[in-house]
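The values are calculated or read from the model by the stated rules, or taken from the named source; none is laboratory data. Note that the structure is a prediction, hence the values are computed from the model and not measured. Methodologically, a virtual Cβ is constructed for each residue, glycine included, from the backbone with ideal geometry; neighbour enumeration extends over all protein chains shown. Quick note on the areas: whole protein, heavy atoms, side chains included, nothing else; ligands and nucleic acids left out. Shrake-Rupley method; radii C 1.70, N 1.55, O 1.52, S 1.80 Å.
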Amino acid sequence: MDLTLSEEQQQLRDLARDWVEREVVPHATEWDRIEQVDPKIVGKLAELGFLGLGIAEEHGGSGGDFLDYALLMEELGRGDTSVRGIVSVSLGLVAKSIQAYGDAEQKQRWLPALCTGETLGCFALTEPGTGSDAGNLVTRAVRDGDGWLISGEKIFITNGTWAGVALVFARTGGPGARGVSAFLVPTDRAGFGRREIKGKLGLRGQATAELTFDQVRVSDAERLGAEGAGFKIAMSALDKGRIAVAAGSVGLARGCLEASISYAGERTQFGKPIAAYQLVQEMIAEMAVETEAARLLVWRAADLVDRGQPFGTAASMAKLFASEAAVKAANQAIQVFGGYGYVDEFPVGKYMRDARVTTLYEGTSQIQKLLIGRALTGISAF
Ligand code: COS
């Protein structure tokens, strides 16, 4: 077992790290305050090939394997989870689903545009009444001549107001998971509506939206995968998406650790730096161990993907552990910073607010535990 990154992987990580330090970190507080990441970030991400990592070069991507992608997610998560979300949804959930399940025409139509950032993708699965129980979604697509009419509502959709294409999951058949199909819906279609959700606890810079579909017409050629295959497409996208959330959480936890070490070395109380106190060192040591352990779980899951092995349970383990570790690290970082952790002049309060969503989206911690439990016992507790 060799856990050393290859030279190319180290270069990619360093490129991403430097870029985040220059282009993201100095602006993250401001974007959080005004509740909007600068849209120019999309073009900048694309220039470095970050919106096409893992997409074949013939479709405008920059190649690379899943571990490369996980390294990028860690660096973006360390800078700003809102920026990481733009990439992990548009590239990770949408472009990669098109690459895996799209026909030649769909790949040609969308992949180059997604890789250059000319357009972004959003992943429209969650509905007001179905979050964890995704297989029971109620948005409907009804046959209409040679196409479909989609009607329904989606909520908490990352990139929702920025996206040019929505990967929409809608019911085309009977109840349950087998009745769901996937569609690639251009967001300029008549009947498509969107509204940004403001006032979020964290991820404030990210464009999170409610989407409405009022008899939105799509052609049969805009269906992704076979009729009834939508739920499996969503689940296999989320299996990999969970590794991306986990990697981003590692980045966030690392940010908390680095900020805490630096602050504890500077801040003095009772005549010495607070880093000299055992109870502060305990928090720093715990953050370091859990961040490292989370990274190893992420790398293990990414390695299974790259070797073509089953990885779903490893992805759930990584997502569960890393997201919970990020929340804990952010909480401890605030403790290290004391009152200064409670104001946004320092980064750790934002880390706490951003971390909190990682145990919710792309499958809650409870869903990950039930998936792991089902895989181990062979019994479904859903
Ligand atoms: N990859 C491919 N196929 C999968 C799959 C996966 N990871 N997981 C399930 N499937 C298939 C199953 O094999 C089954 O197929 P068959 O009907 O052919 O047997 C079908 O999908 C239904 O699966 P299952 O019975 O497991 O569905 P359930 O409704 O019991 O449970 C859970 C599915 C709860 C695991 C799923 O709904 C889930 O992950 N929920 C969380 C949703 C989520 O992450 N939302 C966040 C959205 S993005 S913010």
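Figures for the structure shown
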| quantity | calculated |
| --- | --- |
| Point-to-point label distance, ARG13-ASP146, nm (Cα→Cβ direction, 7 Å offset) | 5.2 nm |
| Rounded percent of accessible protein surface that carbon and sulfur make up, the stretch 232-377, 1.4 Å probe | 59 percent |
| Sum of -39500 (n - 2.57) over DSSP H runs of 4+, divided by residues of the chain (222 nm, nearest 500) | -16000 deg cm²/dmol |
| Cut-off 13 Å between beta-carbons: net charge of the residues surrounding GLU345, Lys and Arg +1, Asp and Glu -1 | -1 |
| When the stretch 313-382 is reduced to its Cα atoms, the Kirkwood hydrodynamic radius in Å | 13.2 Å |
| Residue-span extension gain [GLU30 to THR4] - 0.36 nm each, minus C-alpha spacing | 5.7 nm |
| Accessible area of the stretch 31-141 belonging to carbon and sulfur atoms, whole % at 1.4 Å probe | 47 percent |
| Backbone HN-Hα couplings from phi across the stretch 220-226 [Karplus 6.51/-1.76/1.60, Hz, Gly and Pro as x] | 5, 5, 8, 7, 9, x, 6 |
| Normalised convex hull volume, the stretch 1-58, alpha-carbon set, Å³ per residue | 127 Å³ |
| Antiparallel bridges, percent of DSSP beta bridges restricted to the chain (to nearest 5) | 85 percent |
| Accessible area expressed per residue, the chain, with surrounding protein chains retained (probe 1.4 Å, Å²) | 43 Å² |
| Whole-Å semi-axes of the stretch 317-357's equivalent ellipsoid (Cα gyration tensor) | 21, 9, 5 |
| 25 °C / 0.890 mPa s Stokes-Einstein diffusion coefficient of the stretch 122-227, Kirkwood radius on C-alpha pairs, µm²/s | 178 µm²/s |
| Debye intensity ratio I(q)/I(0), log10, the chain, q values 0.06, 0.09, 0.12, 0.15 Å⁻¹ (C-alpha model) | -0.22, -0.50, -0.88, -1.35 |
| 10 °C / 1.306 mPa s Stokes-Einstein diffusion coefficient of the stretch 85-143, Kirkwood radius on C-alpha pairs, µm²/s | 124 µm²/s |
| Cα convex hull volume per residue for the stretch 185-306 (Å³) | 160 Å³ |
| Scaled radius of gyration (Cα, divided by 2.2 N^0.38 Å) that the stretch 232-377 gives | 1.15 |
| Protein-only accessible surface order, largest first, of TYR69, TYR340 at 1.4 Å | TYR340, TYR69 |
| Hydrodynamic radius (Kirkwood) for the stretch 7-120, which is based on Cα pairs only, to one decimal in Å | 14.2 Å |
| The chain, relative contact order [Cα under 8 Å, separation at least 6], % | 16 percent |
| In the chain, lysine pairs with alpha-carbon atoms under 13 angstrom apart (chain gap of 8 or more, or interchain) | 6 |
